[in-house]
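Beneath this line is the structure, given in structure tokens, with notes to follow.
The values are calculated or read from the model by the stated rules, or taken from the named source; none is laboratory data. These figures come from a predicted structure and were not determined experimentally. Positions of Cβ are generated from backbone atoms using ideal geometry, with glycine treated the same way; all protein chains shown enter the neighbour counts. In case anyone asks, the SASA skips ligands and DNA or RNA and just uses the protein heavy atoms, side chains included. Shrake-Rupley method; radii C 1.70, N 1.55, O 1.52, S 1.80 Å.
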Amino acid sequence: MTNQDLEKLVDTSNEWILERTGIRERHIADPDMATSDMAVEAAKNCLEARGTTAADVDAIILCTVTPDHFFPSTACLVQDKLGAKHAWGFDLIAACSSFVYGLTTAAHLVGSGSHRKVLVIGADTMSRIIDYTDRATCVLFGDGAGAFLIEPGPEDEPPGFIGFRNVVDGSGGEALKMPAGGSRMPPSHETVDQRLHFVKQDGQAVFKFAVRRMGEISVDLIKGSGLTADDIKLMIPHQANKRIIQACADRIGIPMDRVLVNIDRYGNTTAGTIPIATWEALRDGRLQKGDILLLAAVGAGFTVGANLWRWAY
Ligand code: UT7
């Protein structure tokens, strides 16, 4: 869906969207496709790239705010469709920070020695909860999925997981939410009539928080790990707004040629942004074995997360 397509739906312009967000187009899933379908495709590609099979997976962490259903969890649906017979799993809801939180969790499952292969999938079908009459939100989001497989590295190599800083500021809950559909406001004719099953956002509040906190925790993580910004080969931030990414990179001290930006082609795919961008970095040769990678995200909650990884293959 291009900016020109959106010009036909709401009072907006390609120029406004490009200048304020950096987005040119986003992908929209076919009507018969749900989050688990995209998640399965991403997982299959990931397992194939690692030369392993679903039967070897020990756990699936499915990061999403757009599950197929409240229950069963999308992790269960994906476990079945993939044929990951030996895997347990669960859905992780932390909005745009979900994937970073999922990676942090997987790193600890594998680091403890109790798990050998943990699939972390970021998948969101945002088009199902976006109000295409609200120009303030509908231009921002797209659908997409990606996956990482977290495994123990060789004993004689430095650890792949360097560290994390994950933070919640629950006082920001009102700034970005889908008001209805849960136990606070169950679905009713009124909630549908009032369009309360769609994303509502105070864009400026989210923008200010994102720039400040994503920058702060990234700096704290880099310093706390005994590193400097110069050690970061590539920063892969959550793709919500190109201006947020530029402001954060500036605060951390990482030049834009070491920051991956692909928001122009996908928009904000929520849990999908970081794995999709990482896949592009690999495909384009921007990520090599041994490179130090900073992943950073901010999302509804507010949730904020940063991870440092040493790329292992
Ligand atoms: O992953 C976390 C999820 N969300 C985010 O990270 C979003 C963070 N926020 C943002 O990215 C930005 O705040 C937005 C892109 C949402 C908005 O950009 P902004 O520069 O903060 O614009 P604004 O909300 O201050 O609005 C400026 C003007 C307003 O008009 P007036 O009051 O100045 O006449 C809006 O009504 O732009 C208007 N506007 C639009 N105009 C054309 C808002 N949306 C649109 C639109 N097209 N789509």
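Would you point out the residue of region 19-36, among those that are in contact (Cβ under 8 Å) with a residue 40 or more places away in the chain and in a helix (DSSP H, G or I), that is farthest from the chain's Cα centre (by Cα)?
Start the filter on region 19-36 by keeping residues that are in contact (Cβ under 8 Å) with a residue 40 or more places away in the chain, which leaves 20-29, 33-36.
Filter once more, so that each one left must be in a helix (DSSP H, G or I): 20-21, 35-36.
Numbers: R20: 21, T21: 17, T35: 13, S36: 15 Å.
It comes out as R20.
Would a scan of region 16-25 turn up a residue that is in contact with a strand residue (DSSP E or B) (Cβ under 7 Å, 6 or more places away or on another chain), more than 16 Å from the ligand (Cβ to nearest atom) and open to solvent by 30 Å² or more (accessible area, probe 1.4 Å)?
no
Pairs please, first residue from region 137-159 and open to solvent by less than 70 Å² (accessible area, probe 1.4 Å), second anywhere and outside any loop (DSSP other than H, G, I, E, B) and of a type in the set (S, T, N, Q), Cβ atoms under 6 Å, 6+ apart in sequence or on different chains.
Once the first residue is open to solvent by less than 70 Å² (accessible area, probe 1.4 Å) and sits in region 137-159, its partners that are outside any loop (DSSP other than H, G, I, E, B) and of a type in the set (S, T, N, Q) give T137/Q201; L140/N268; F141/N268; D143/T125; D143/S127.
Which numbered condition trips up L47, out of (1) within 23 Å of G142 (Cβ to Cβ); (2) outside any loop (DSSP other than H, G, I, E, B); (3) open to solvent by less than 30 Å² (accessible area, probe 1.4 Å)?
Going through (1) within 23 Å of G142 (Cβ to Cβ); (2) outside any loop (DSSP other than H, G, I, E, B); (3) open to solvent by less than 30 Å² (accessible area, probe 1.4 Å) one by one, L47 breaks only (1).
Farther than 25 Å from V65 by Cβ and either open to solvent by 10 Å² or more (accessible area, probe 1.4 Å) or away from the ligand (no atom under 11 Å from the Cβ) (or both), is that true of R243?
No, not satisfied.
Can you find, within region 289-299, the residue that is farthest from N241 (Cα to Cα) among those that are touching a residue at least 40 places away in the same chain (Cβ under 8 Å) and more than 12 Å from the chain's Cα centre (by Cα)? If you could, list the steps in order and put the result at the bottom.
Filtering region 289-299 down to residues touching a residue at least 40 places away in the same chain (Cβ under 8 Å) leaves 291-299.
Pick out the ones that are also more than 12 Å from the chain's Cα centre (by Cα) and you get 291-294.
Values: D291: 25, I292: 24, L293: 20, L294: 18 Å.
Residue satisfying both the conditions and the ranking: D291.
I222 is checked against (1) closer than 17 Å to F141 by Cβ; (2) surrounded by 19 or more Cβ atoms within 10 Å (Cβ to Cβ) and fails just one. What number does that condition carry?
(1)
Output the residues belonging to region 67-90 that are of a type outside the set (A, V, I, L, M, F, W, C) and either under 22 Å from F161 (Cβ atoms) or crowded, with 24+ Cβ neighbours inside 10 Å (or both).
T74, Q79, G89
Could you please let me know if Q204 is within 16 Å of the ligand (Cβ to nearest atom), on the phi < 0 side of the Ramachandran plot, more than 20 Å from the chain's Cα centre (by Cα) and assigned to a helix (DSSP H, G or I)?
So Q204 passes the test.
Does region 101-109 contain any residue that is assigned to a loop (DSSP other than H, G, I, E, B), more than 20 Å from W279 (Cα to Cα) and open to solvent by 60 Å² or more (accessible area, probe 1.4 Å)?
So far as region 101-109 goes, no, none of its residues is assigned to a loop (DSSP other than H, G, I, E, B), more than 20 Å from W279 (Cα to Cα) and open to solvent by 60 Å² or more (accessible area, probe 1.4 Å).
For (1) of a type outside the set (D, E); (2) without any contact (Cβ under 8 Å) to a residue 24 or more places away in the chain; (3) within 16 Å of the ligand (Cβ to nearest atom), each residue gets a yes or a no:
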{"site": "E48", "(1), (2), (3)": "no, yes, no"}
{"site": "G51", "(1), (2), (3)": "yes, yes, no"}
{"site": "T66", "(1), (2), (3)": "yes, no, yes"}
{"site": "H69", "(1), (2), (3)": "yes, yes, no"}
{"site": "A94", "(1), (2), (3)": "yes, no, yes"}
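Quick one: is I60 open to solvent by less than 10 Å² (accessible area, probe 1.4 Å) and under 28 Å from V168 (Cβ atoms)?
yes
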